[in-house]
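Worksheet for the structure shown next.
The values are calculated or read from the model by the stated rules, or taken from the named source; none is laboratory data. Computed from a prediction, not measured in an experiment: that's the story for all the values here. Cβ placement follows ideal geometry from the backbone for every residue including glycine, while neighbour counts extend to all protein chains displayed.
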Amino acid sequence: MSAPRSRPRALGRIALLALLLCPAPVLSGCATLGVEAWDRDQLARPEMKLGANATEDAIDDHIYFSKEASSGGRGFGGGGCGCN
Amino acid sequence: MQLSRSSSELRSGLAAATVALLGAAPAPARATEATSSALLYTEPNRVTAFETRADFTRQLSRERVLRYSFTLDALTGASPNGALRAGVPQTFTGPSGTASYRVAPGQTPLDDSFHDTRYAGSLSVDLPVGRLTTSTLGLNLSTERDYFSAGVSARLARDLFRRNTTIAIGVSGSADLVRPFGGTPDPFGLVSATVSEPEDVTSTGASGGFGRDEGEGGEGVPQGSEGKQVADALFGITQVLNRSTILQLNYSVSRATGYLTDPYKLITVAAAPGTVNAGDPLDYRYESRPDTRFKQSLYAESKHSFGRDVLDVSYRRMWDDWGIRSHTFEGRYRLEVGEHTALEPQLRWYTQTAADFYRHSLIDGEPLPSFASADTRLGAFDAWTGALKYSRRLYSGHELGVRVGYYVQSGDSSPPDAFGSQVSQDLFPRVTAVVTQVSYSFAF
C-alpha cells in the first residue's frame, strides 16, 4: 500500500522544492524572453488572453468536479456543491 | 460618389482617432461586459441538469475591475447509489427512509429521488497595489437544500520584465455544510437498519448503530449537519514567450478536512466466495471516507496564435494522499471562418487511478476496512470529451456562442477481484453525457 502512495508524495516534494529553489534561475531566464510593448498585437486579442472564456471554464469545472476525483489547477479548486 | 464616400469615411475615421487620442471620447473602459449562458447536461436515463448563469465584468477604472456572477442549477433524474449490478432483483430505500425503489437484475442501481436546485453567486474585485502589482479579492456563496458553501479568496499578481512575466500567489478558504436528506448515515451503517429491521442491527462491523442518525424532519427534509473546510494555495507564473505565444504554469495545494463522505452512496455487501450464492448482494452499507484529503496539482497552459486562429493546450497532473493520481490533457483550436464566425473543436482526455479505499463491494463475514467507497468517481477510469463550439460576432460587440459536447467515462467492467455472480455483471457501467450550451455576450 505504501509504495504507490510514496511516489506521488515524493513527486510532490520535488515539485515543491523546485518551485521554492528555482525562482531565481527561472525568473532570470524569463528576463530574456518576451516582446516589447509595440509587438503585442497578437497577444492583445481577447481570445489570446488566458481565461478568456471564464464562463465556459466555470461550467466545465463544475461538470468535471461532479464526475471526477480531480479539480482545480487552472485556478482554485472549484466545488461548493454537493454534486451527488 | 465612390470617392466622395471613401473620403468621408476617412475623415470620420481620422476624427474618431483624434478624439480617442485626446481622450475626449466616452471611456469604453467603464462599460460592463455580460455573458449569459444556459446549459443542458443530460446523461441518458440518468441525471439531467439545467444551469443558467450570468457573468458580469465591470471596468471601474483602468486597473480596478469588478466581477460578479449568478448561477441557478436545477437537477433531476437518477444517480447511481453505489451498489453493484446483480443477477437478482434489488430493493433500496431512498434517503428519506420511507420511499423505496426496486432495481431489476442486470440493471445499475439508480436512486431517482434527487431533485435539487442550487443558487450560487460570486463577487471579486481587482485592486492595484502599486504600479505593477494587482490584488484580487473574492467571495463565493452557494446553497442547495442539502449543501451550503461559503468561500473567500485573495490573490496577488506582480508583473515583471516589461510585463512579459507575471508571478502570482493566491489563497482561498471555504466552509461547507452538508445536511443530508434523512440524516447523516453512520460510517458503514447497515442500510437494512433504517428500513425494516432496526432492532436487528448487531455489531457485525465498525458501526453497530442505526444506518442514519435519527432526525426530526420528515420525508425529503435535510437533517443534521456536517462541516467541511477547504484551504487552497496557488503559485503561478505566466510568461510571454514570443509575439504569438503565452505560457502559464501553476502549482497548487488543497487541504480538505471534515465530512468528505458522500452521505447517499452505498456499498454492496456480497455473499462470500465459496458460498452457494457467492457474489450476490446480501445487504448494503453506507460508505466511509477519511476526514482529510491533501491534493496537489501542476498545471500548464499555452496559447499560440496562428494569424487569426488560436490554439489553446493544457495539461494538469493531480495527486493526493487518497492514492488518486490523474492526468488531464485538453486542446482547443479556434478557427476563424469568415469575418464574423469562428468554429472551435475541443478535445479532452482524462485518466485517474483509484483511491486506496475504493472497492466495488464488501465481502460478508470479513472484517470491515478502515474506509471504503464504491463510488466509481473514486475508481480508476478514463474519460474523453469532444465538443464543437460555434461563435458568431453580431453587432456592437455582441457575440453568440453554441457548444455541443459529448462526454464518455469508462472503467474496468470486469475487475480481477470480481467473484461468483459478479463475474457476469458489468461492474463499471459506462457514463455518457451530452452537454449543450448557449451563451450570449454583450456590453452595456
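Annotations
- Matching residues in region B:258-293 - criterion: being at the interface with another protein chain (Cβ under 9 Å from one of its Cβ atoms) and surrounded by fewer than 19 Cβ atoms within 10 Å (Cβ to Cβ): none
- Whenever a residue of region B:380-407 is within 11 Å of chain A (Cβ to nearest Cβ), its partners that are β-branched (Val, Ile, Thr) and part of a strand (DSSP E or B), lying with C-beta atoms within less than 6 angstrom and at least six residues away or across chains, give the pairs B:Asp382/B:Thr351; B:Gly405/B:Thr385; B:Gly405/B:Val435; B:Tyr407/B:Thr385.
- Taking the conditions (1) within 14 Å of another protein chain (Cβ to nearest Cβ); (2) out of contact with any His (no Cβ under 8 Å at 6 or more places or on another chain) in turn, B:Arg317 satisfies each one other than (2).
- Among the criteria (1) in contact with a helix residue (DSSP H, G or I) (Cβ under 6 Å, 6 or more places away or on another chain); (2) surrounded by fewer than 20 Cβ atoms within 10 Å (Cβ to Cβ), the one B:Thr165 does not fulfil is (2).
- Test result for B:Gly77, within 12 Å of chain A (Cβ to nearest Cβ) and at positive phi: yes
- Close contacts from region A:41-59, counting a first residue that is facing chain B (nearest Cβ under 8 Å) and a second that is acidic (Asp, Glu), with Cβ to Cβ under 8 Å and a gap of 6+ residues or different chains, come to A:Leu50/B:Glu301; A:Ala54/B:Asp55; A:Thr55/B:Asp55; A:Ala58/B:Asp55; A:Ile59/B:Glu51.
- In the set (1) part of a strand (DSSP E or B); (2) surrounded by fewer than 21 Cβ atoms within 10 Å (Cβ to Cβ), the condition left unmet by B:Arg131 is number (1).
- Positions within region B:393-428 being of a type in the set (S, T, N, Q) and out of contact with any Asp or Glu (no Cβ under 9 Å at 6 or more places or on another chain), in sequence order: B:Ser396, B:Ser424, B:Gln425
- The set of residues in region B:408-433 that are within 12 Å of chain A (Cβ to nearest Cβ), over 23 Å from B:Asp312 (Cβ atoms) and β-branched (Val, Ile, Thr) comprises B:Val431, B:Thr432.
- Here B:His327 fulfils each of the conditions (1) in a strand (DSSP E or B); (2) farther than 30 Å from B:Gln107 by Cα; (3) away from chain A (no Cβ under 13 Å) apart from (3).
- With respect to the stated conditions, B:Glu336 fails to be at pLDDT 95 or above, within 24 Å of B:Ser314 (Cα to Cα), crowded, with 18+ Cβ neighbours inside 10 Å and touching a Lys or Arg at 6+ places or on another chain (Cβ under 7 Å).
- Verdict on B:Val337 being among the β-branched types (Val, Ile, Thr), touching a Gly at 6+ places or on another chain (Cβ under 6 Å) and away from chain A (no Cβ under 11 Å): no
- Of all residues making up region B:50-91, the number that are in contact with a helix residue (DSSP H, G or I) (Cβ under 8 Å, 6 or more places away or on another chain), surrounded by fewer than 17 Cβ atoms within 10 Å (Cβ to Cβ) and among the polar types (S, T, N, Q): 1
Here's the yes/no breakdown for (1) more than 30 Å from B:Asp364 (Cα to Cα); (2) buried (at least 16 other Cβ atoms within 10 Å of the Cβ):
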residue: B:Leu127; (1), (2): yes, no
residue: B:Asn140; (1), (2): yes, yes
residue: B:Ala157; (1), (2): yes, yes
residue: B:Leu160; (1), (2): yes, yes
residue: B:Ser192; (1), (2): no, yes
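- Residue count for region B:225-244 under the criterion of being surrounded by 18 or more Cβ atoms within 10 Å (Cβ to Cβ) and either within 30 Å of B:Thr91 (Cβ to Cβ) or among the polar types (S, T, N, Q) (or both): the result is 3.
Yes or no, residue by residue, for (1) touching a residue at least 60 places away in the same chain (Cβ under 8 Å); (2) over 26 Å from A:Cys81 (Cα atoms):
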{"residue": "B:Thr48", "(1), (2)": "no, no"}
{"residue": "B:Asp55", "(1), (2)": "no, no"}
{"residue": "B:Glu63", "(1), (2)": "yes, yes"}
{"residue": "B:Tyr68", "(1), (2)": "no, no"}
{"residue": "B:Pro80", "(1), (2)": "yes, no"}
{"residue": "B:Arg85", "(1), (2)": "yes, yes"}
{"residue": "B:Gln90", "(1), (2)": "yes, yes"}
{"residue": "B:Tyr101", "(1), (2)": "no, no"}
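- Whether a residue is modelled with pLDDT of 95 or more, of a type in the set (Gly, Ala, Ser), under 22 Å from A:Asp61 (Cβ atoms) and surrounded by 15 or more Cβ atoms within 10 Å (Cβ to Cβ) was assessed, and B:Ser36 passes this test.
- Among the residues making up region B:296-314, those that are more than 7 Å from every other protein chain (Cβ to nearest Cβ), part of a strand (DSSP E or B) and in contact with a strand residue (DSSP E or B) (Cβ under 8 Å, 6 or more places away or on another chain) are B:Ala300, B:Ser302, B:His304, B:Asp309, B:Leu311, B:Asp312, B:Val313, B:Ser314.
- Checked against (1) more than 9 Å from chain A (Cβ to nearest Cβ); (2) touching a Gly at 6+ places or on another chain (Cβ under 9 Å); (3) surrounded by 15 or more Cβ atoms within 10 Å (Cβ to Cβ), B:Val178 passes all but a single condition, namely (1).
- Some residue of region B:141-150 being at pLDDT below 95 and on the phi > 0 side of the Ramachandran plot: no
- For region B:101-117, the criterion of being within 11 Å of another protein chain (Cβ to nearest Cβ) and either of a type in the set (Phe, Trp, Tyr) or farther than 18 Å from B:Leu266 by Cα (or both) is met by at least one residue.
- Whichever residue in region B:385-420 is of a type in the set (Gly, Ala, Ser), under 20 Å from A:Glu56 (Cβ atoms) and at pLDDT 95 or above and, among such residues, is surrounded by the fewest Cβ atoms within 10 Å (Cβ to Cβ): B:Gly386
- Odd one out for A:Gly79, checked against (1) modelled with pLDDT of 90 or more; (2) under 20 Å from B:Ala54 (Cα atoms); (3) at the interface with another protein chain (Cβ under 7 Å from one of its Cβ atoms); (4) touching a Ser or Thr at 6+ places or on another chain (Cβ under 7 Å): (1)
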